[in-house]
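So the structure is just underneath, and the comments pick up after that.
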Amino acid sequence: MKHAAFEKTIKAVTCSLLLLSMAAQTDLTMAFGFGSMDEDKVVTVYDGKNKKVVTTRANSFKKVLSDSDVTLNAYDKYWTSSDDVKNGAVVVVERAKPVTIVANGKARTVYTTQQTVQGVVNEAGFDWKKMMPIEDSMMKVTQGMQIHVVPYTARVVNRTESIPIHYNKWFDASLAPGQMEVVQEGTPGRREVEMEEYVSDGKVIKAEAGDVKVLTHGVPGIAKTGDAEGTMGYVKNMSASAYHPTDGDGFGITATGTRAGHGTVAVDPRVIPLGSTVYIPNYGEAVAADTGGAIIGDRIDLCMETFEECYNFGRQNVEVFVNY
């Protein structure tokens, strides 16, 4: 019995020594980088305009950057697409830029990875409720720029101002791209604008528009342009004559069944489709609602209210603004 117990003890000791030997071998193997159980991972590193795609077994992003020969300076930062290094991960390096902040008559240089002026000011510890940059707060930060931070107070004022004239535009193929000619001036409207002004040392350094109340609506102007995009229609040069509603059969009924009058024009439907709305300078807006036996091609007949108007108009070359 003693012999059997002794043999069991010997086997147990031998097994323990074998396990210790295997563990030691594994530790040495891992220490020297051989036989690692980690899998290869593909990681993309962006450093400004430089992009590197690396295959790594690193378990930290710092090691990934080091293996990619990316050196971080004191104020540089980086962010990653995941907490752990995994296949498909992305690392973005942000390089700190030197920026000079001028405040209270003193200048100091800071290094920052912030992208906007306001971001730099906030990062520098200024209370945005009391201090603000003179520069546009959303301006992109550039290396070596100066940012001037001043104390301010805010106030709200109401201003009355003109509304810029809007021009309805028609495409004129005879004009060059970018060229525009005003055919009829419009009328500006009026509006009341609530402005929030930021004042420093008695001067308004910034102003932002708030609520807007339209007081009077303007009248759109009419213009021709050499750019087709954004136009309401096109311009055609046509030969125009005038007619009275009682001309023809004397009943004053148009080809589309409406009653003729000022604002009704006769056209060749192959040139201007019936039902189209048009504008003719010195005549006004009209509808292409009629036809005529002599109205062929680039001809148009304008309906007048009196025979005298027809006689005075005679025959003229006119520009016809045809809506799409």
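Mind pulling up the Rg/Rh value for region 61-220? Radius of gyration and Kirkwood radius, both on Cα.
1.19
How would you order 114-120, 52-58 from highest to lowest mean count of nearby Cβ atoms within 10 Å?
Result, highest mean Cβ count within 10 Å first: 114-120, 52-58.
Percent relative contact order of region 264-324, based on C-alpha pairs within less than 8 angstrom and at least six residues apart?
43
For each pair in LYS51/LYS77; LYS106/LYS130; LYS49/LYS86; LYS97/LYS129; LYS63/LYS86, compute the distance between the two Cα atoms and list the pairs where it is over 19 Å.
Working: LYS51/LYS77 16 Å; LYS106/LYS130 17 Å; LYS49/LYS86 23 Å; LYS97/LYS129 26 Å; LYS63/LYS86 13 Å.
As for pairs spanning more than 19 Å Cα to Cα, those are LYS49/LYS86; LYS97/LYS129.
Have a look at region 209-303 and give its Rg and Dmax from the Cα atoms, expressed in angstrom.
Over region 209-303's Cα set, Rg and Dmax evaluate to 17.1, 61 Å.
In what order do ILE147, ILE165 fall by count of nearby beta-carbon atoms within 10 Å, going from fewest to most?
Sorted ascending by nearby Cβ count, the order is ILE165, ILE147.
Using every Cα-Cα pair within the chain, state what percent have a distance larger than 24 Å.
Tail fraction, whole percent: 76.
Any idea what angle helix 2-31 forms with the longest principal axis of the chain, computed on alpha-carbon atoms, 0 to 90 degrees, nearest 10?
It is inclined by approximately 40 degrees.
So what are region 41-94's ellipsoid semi-axes, whole angstrom, largest first, if each one is the square root of 5 times an eigenvalue of the alpha-carbon gyration tensor?
16, 11, 10
Running a GNM on the chain with Cα contacts under 10 Å, which residue among VAL214, VAL271, VAL102 ends up with the highest mean-square fluctuation?
VAL271
Considering every Cα-Cα pair within region 97-151, what fraction, in whole percent, is farther apart than 13 Å?
More than 13 Å apart: 50 percent of the Cα pairs in region 97-151.
How do the peptides 187-199, 304-316 rank, highest first, by the average count of neighbouring beta carbon atoms within 10 Å per residue?
Ranking, from highest mean packing down: 187-199, 304-316.
Ranked highest first by the average count of other Cβ atoms within 10 Å around their residues, in what order do 238-247, 224-233 fall?
Final packing ranking: 238-247, 224-233.
Do you know the relative contact order of region 97-151, to the nearest whole percent, from alpha carbon pairs under 8 angstrom that are 6+ apart?
46
In a solvent-free Debye calculation with one equal scatterer on each Cα, what is log10 I(q)/I(0) for region 155-225 at q = 0.27 Å⁻¹, listed in the order of the q values?
Log10 of I(q)/I(0), two decimals: -1.08.
Can you pull out the chymotrypsin sites (Phe, Trp or Tyr not before Pro) in region 103-169 whose DSSP state is coil and whose Cβ has at most 14 other Cβ atoms within 10 Å?
TRP128
Restricting to bridges with both residues inside region 233-323, how much of the DSSP beta-bridge set is antiparallel, in percent to the nearest 5? Don't skip to the answer; put the middle values down first.
On the way: 18 of 26 bridges.
Antiparallel: roughly 70 percent of the beta bridges in region 233-323.
Debye calculation, C-alpha points only, no solvent: report log10 I(q)/I(0) for region 284-324 at q = 0.16, 0.19, 0.28, 0.31 Å⁻¹, in the same order as the q values.
-0.48, -0.69, -1.37, -1.42
With bins 10 Å wide starting at 0, give me the P(r) of region 84-178 over every alpha carbon pair, in whole percents.
12, 29, 15, 17, 17, 9, 0
What 222 nm value per residue comes from the helices of the chain, counting each DSSP H run with n ≥ 4 as -39,500 (n - 2.57) and dividing by all residues, nearest 500 deg cm²/dmol?
Working: 4 runs with 51 residues, N = 324.
Counting only the DSSP helices, I get -5000 deg cm²/dmol.
Trypsin sites (Lys or Arg not before Pro) within region 69-154: which are DSSP loop residues with at most 16 other Cβ atoms inside 10 Å?
Numbers: sites: LYS77, LYS86, ARG95, LYS106, ARG108, LYS129, LYS130, LYS140; in loops: LYS86, ARG95, LYS129, LYS130.
For trypsin sites (Lys or Arg not before Pro) across region 69-154 that sit outside H, G, I, E and B with at most 16 neighbouring Cβ atoms in 10 Å, the list reads LYS86, ARG95, LYS129, LYS130.
We did not get these values from a lab; they are worked out from the coordinates using the rules stated. Bear in mind that the values here come from a model prediction, so they are computed numbers and not experimental data. We place every Cβ from the backbone using ideal geometry, glycine too, and count neighbours over all the protein chains shown.
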